[in-house]
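Heads up: the structure comes next, in structure tokens.
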Amino acid sequence: MSEKELQEEEREALSSIYDGDDLFKEIDKSTYQYKYGENNTNKSFVLEIKWGELYPNELPVINMDTFYNKHIVTHVKQKVVETLSNEAEQYLGMSMTYSLFEFLREKFEELINEQPDEPEKMGIEKLCISETEQQQGTFKKERKEQLTKAQKRRQWNRMDAKGEKPRGWNWVDIVKHLSQTGSKDEQPIS
């Protein structure tokens, strides 16, 4: 069988095995992700496996540098990638994505034990908006001047969206002007 046929066969197997599993995600025809650990904890991560042109006769690219893994410390990422790369070598020439996902599921606790539980232990400090918040523990917002609806309407009518007076604001309405200046009781001259 050619590499393309083996890849197509493995793609079908993965979609049938992980059908309905929210932790599994097919990014494209050659990239797959699986999520390990509990949601929204520091001990959870996403593993990405990307097949090359010659896969399964060459090792897939094992990636831990996804956005979701930003909280995982570097040496834990390296340890996971090294462990999976060593495991993948024994599967060369065979479909290995499912085997690697399952191998990592078994070794998850062992590999993640060096990951700190809390972000403070990783060197990330709490972000503060200002020094007063740091001292008081609260942040007070400055109050804007409150205008009534009538005040807002008058302000809006005087200005356009750019804060300028509209073109022609001081022009005289010619029809109105002529109607006021002409005599209303004009009689035809005979």
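We did not get these values from a lab; they are worked out from the coordinates using the rules stated. Just so it is clear, the structure is predicted and the values come from calculations on it, not from any experiment. Heads up, the Cβs are rebuilt from the backbone with ideal geometry, glycines too, and the neighbour counts pull from every protein chain shown.
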Seminar exercise, completed: On the formula 1/(1 + (r/R0)^6), with r taken between the Cβ atoms of LYS29 and VAL73 and R0 of 22 Å, the FRET efficiency rounded to 0.05 is 0.10
For this session: Could I have the simple spin-label model distance between GLU3 and SER85, label points 7 Å from Cα toward Cβ, reported in nm to one decimal?
Result: 1.9 nm
Problem set entry | For region 66-72, 3J(HN,Hα) per residue [Karplus equation, 6.51 cos²θ - 1.76 cosθ + 1.60, θ = phi - 60°, Hz, x = Gly/Pro] | 8, 4, 4, 8, 4, 8, 7
Exercise. Normalised by the number of residues in region 1-45, what is the relative contact order in percent for Cα pairs under 8 Å and 6+ residues apart?
Worked result: 20 percent
For this session: Mark the label point 7 Å from the Cα of SER16 along Cα→Cβ and return the residues of region 38-70 whose backbone N is within less than 20 Å of it.
Result: 56
Problem set entry | Estimated vicinal HN-Hα couplings, Hz - region 54-63 in sequence order (Karplus 6.51, -1.76, 1.60; Gly, Pro = x) | 9, 4, x, 7, 10, 5, x, 7, 9, 10
Seminar exercise, completed: Ranked output for segments 42-50, 75-83 by mean other Cβ atoms within 10 Å, highest leading, reads 42-50, 75-83
Exercise. Given labels modelled 7 Å from the Cα in the Cβ direction, how far is it in nm from MET159 to ASN40?
Worked result: 4.2 nm
